[in-house]
Structures are given as C-alpha cells and as structure tokens.
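Note sheet for the following structure.
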Amino acid sequence: MSEASTVSRTAGTDTTVPAVSGARQFWRRLRTQRAALVAAVVVALLVLVALAAPLLTAVEGQDPTTYHPSLVDSARGGVPIGRFGGISGDHWLGVEPQTGRDLFARLVHGARVSLGVALTATLVQILIGVVVGVAAALGNRWVDQLLSRATDIIVAMPLMIMALALLAIVPSAFPRPVLVTLVIGLIAWGSIAKIVRAQTLTLKGLDHVAAARLSGWGPWHVARRELLPGLAAPVITYAALLVPMNISVEAALSFLGVGVKPPTPSWGQMLTSADVWYQAAPQYLLLPAGALFVTVLALTVLGDGVRTALDPRAASRLGVGTGRGRAGGPGRGTGRSNGARDSGGRGPAGGAAQKEDTA
C-alpha cells in the first residue's frame, strides 16, 4: 500500500514524514487500551481452542459423544464416581452426570458450535444490514420508505419469541446449528441497517461522492468505490458488539430447548442439562457457565476497544499530554519561544539586526 507523505517545516528545514495509514492509527490507538489487548488475547485463545478441538480431544484420548456408564454411580442417580466430578488423567475435567461423557471434549467442541453460530450469524446480519441500508439511502423516496418501514418492523420484532416460534416448527432433521445461525441472522439485522442508512446519507453529501454521482457512475458503483470504505468503521464497530450478543442468544435458545440438540455439544445445551446438578456435580454447571461468561466479557471489552480505536475523536483525546505537538511542529512551547525570539530581537537574527542599527 502506498503511503502519502507530508512535509513539516522545523527550524527552517523541510523534512518529509510519511503519513500514518489508517491501519497504523487504529493499531496505535488500540495499543493504549490494555484491557482491550488482554481481551483480544483471550478471544484469540478461545478461537484457537475451538479450531483445535478435534486435536485436543485426540490428545486426551476422548470424544464428546461416547458414554462411560462405569464412571457414574447409578445408585446415586448418576453422580460421577471420584473426587471433583471424576477428574483423572483420562478425563481432564471430569465426566458428565448420568452419561459419563467427557466434559473437556464436550466443552471444547461446544466452543466450536457457540462461536461458529455467533460469528456466522453476525456475518449474515452485517451482509443484509449493509445491503438494505445502502439501498434505502441511495434509492428514491419510495424505495427508501419501503425499506425503512421493513427495517422498523424487523427492529420491533422480539428476537427470542420469533426465534422460538421458527425453531419450534422446523423439522428436527434440519441441522440445528445451521438453523439457529439462519434464524438469528435473518431476524436481527434491523439495527445495523438503520446505522448504515444514516451513515450513507451523511456520506452522500461529501464532495467526492457527489462528484462520482455527477460523473455518471451507477448507484452500486458509487457505493462500492466511494461509500463502503467510509462505512467500514461503524460496521466493524457494531459487528464487534454483535458477536457476544449472538453468543448469548444461542446459549439462551439452547437453554430453552429449541437450539442445538444433543448429542451435539453446546454451552447453552450443557447448561440446560446441568441445571439440576448444581449441588451433586457443580463443575458440570460451572464449566460451561464460566466459559460463556469469559467469552462474552472478552468480546464485549474487545468490541468497546475497537469502537474507541475507530473513533476519529480518539486521536485528539489520546494526544493530550503526550507532547507530540512540541516534537512534531510548531507546538505551544516551541512555536511561541521561536516567535518571541524573532519579534523581540533576542535571538541570533534579532541581535545582528540590532547591532547594525546601532552602528
């Protein structure tokens, strides 16, 4: 990528300084937020665990669906045998009550389902929202009214109730993770469409967009070349906040029994089965609940950090008290002192001129 250059004059010399690209500005602002960096590391580790789930369970020597009835005490209702829920060298986090399935295998495979559903649903929401928002802003009055009213209806729909209704009537043969992804993505795109429409209406008034439209470019060509780059920051910001919301929705649907079905592991589905075991086998409840809490918290903190880093006003806030103005140009200290020397005759040039006048 070619970088623009700016010329700064300091002490009478011209110095060419490469302008900082947008990606570098974003990274520079994000590095100042330690909480967001820690959250990014946590999210990266969770994604890595989800992707490497088959490898991790192969190293443990277990899988998420095999029953181990010999590891549970049937006389006590299926409580795991042994201390701490049956933790051993073969079962790193213990086993599931009643069935004896390995908890570690189900937890890491559940991360694949929960994160996969949330990320894919977010992509569906962003795709539909951007298309509808841009079309409403660039279309004529009738198109704008039609798409805006449709967006209002989508926003007014209660997500959980609509998802419960749709998931209840779809045949069980349809893959549940795919179904949950489609339901969440097709119902909850209204907010991003409103944001994109408002931002597109603002961008339409800029000179370069107006020039592109007057030059004869079509609406979609203008959108692709001139509008989408300006929409990247708000869309990325909202997408970072949508992911933890979608994880919570998937967990809630699975908890209510209409989401991912056994034996496919999911954190929400594990919580559904663990609600009666919190006293006899507390780790069965605490492990998926803790994983869900850490994931949602990390994604929320990371999303807030991305929002701050992409905020154009963040540059002025982060520059306060850093002394960049004094180092890079005529700042408050350097500019005034140089001006004082030149005007008052106390600098080298002023002293010479004063001596010539005296002579």
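Selection within region 47-88: residues that are in contact with a strand residue (DSSP E or B) (Cβ under 6 Å, 6 or more places away or on another chain) and either aliphatic (A, V, I, L, M) or on the phi > 0 side of the Ramachandran plot (or both). The member of this set that is surrounded by the fewest Cβ atoms within 10 Å (Cβ to Cβ) is Ile81. For region 65-124, how many residues meet the condition of being more than 36 Å from the chain's Cα centre (by Cα) and hydrophobic (A, V, I, L, M, F, W, C)? Of the residues in that region, 5 qualify. Would you point out the residue of region 138-155, among those that are in contact with a helix residue (DSSP H, G or I) (Cβ under 8 Å, 6 or more places away or on another chain) and at pLDDT below 90, that is surrounded by the most Cβ atoms within 10 Å (Cβ to Cβ)? The qualifying residue surrounded by the most Cβ atoms within 10 Å (Cβ to Cβ) is Leu138. Residues considered: Ala35, Ala75, Ala58, Ala39. Of these, the only one that is assigned to a helix (DSSP H, G or I), modelled with pLDDT under 90 and farther than 19 Å from Val117 by Cβ is Ala75. Within region 237-258, one or more residues are in contact with a Phe, Trp or Tyr (Cβ under 6 Å, 6 or more places away or on another chain), assigned to a helix (DSSP H, G or I) and at pLDDT below 90.
The number of residues in region 178-191 that are in a helix (DSSP H, G or I), of a type outside the set (A, V, I, L, M) and crowded, with 20+ Cβ neighbours inside 10 Å comes to 3.
Do you know which of the residues in region 112-121 that are surrounded by fewer than 24 Cβ atoms within 10 Å (Cβ to Cβ) and of a type outside the set (Val, Ile, Thr) is farthest from Val49 (Cα to Cα)? Selected residue: Leu119.
Counting the residues of region 89-148 that are at negative phi, touching a residue at least 12 places away in the same chain (Cβ under 8 Å) and part of a loop (DSSP other than H, G, I, E, B) gives 9. Annotation note: Cβ proximity below 9 Å between a residue of region 249-271 that is on the phi < 0 side of the Ramachandran plot and crowded, with 21+ Cβ neighbours inside 10 Å and a residue that is hydrophobic (A, V, I, L, M, F, W, C) and outside any helix (DSSP H, G or I) (sequence gap 6+ or interchain) occurs for Val249/Ala188; Glu250/Val260; Leu253/Val260; Ser254/Val260; Ser266/Val260; Gly268/Leu256; Gly268/Val260; Gln269/Val260. Report the residue count in region 192-222 for those that are closer than 27 Å to Thr122 by Cβ and surrounded by 16 or more Cβ atoms within 10 Å (Cβ to Cβ). Of the residues in that region, 10 qualify. Is it the case, given these coordinates, that Ser148 is hydroxyl-bearing (Ser, Thr, Tyr) and touching a Phe, Trp or Tyr at 6+ places or on another chain (Cβ under 9 Å)? No; evaluated as a whole, the condition is false for this residue.
The values are calculated or read from the model by the stated rules, or taken from the named source; none is laboratory data. The structure displayed is predicted, hence computed values, not measured ones. Counting neighbours? That spans all protein chains shown, and the Cβs are built from the backbone with ideal geometry, glycine included.
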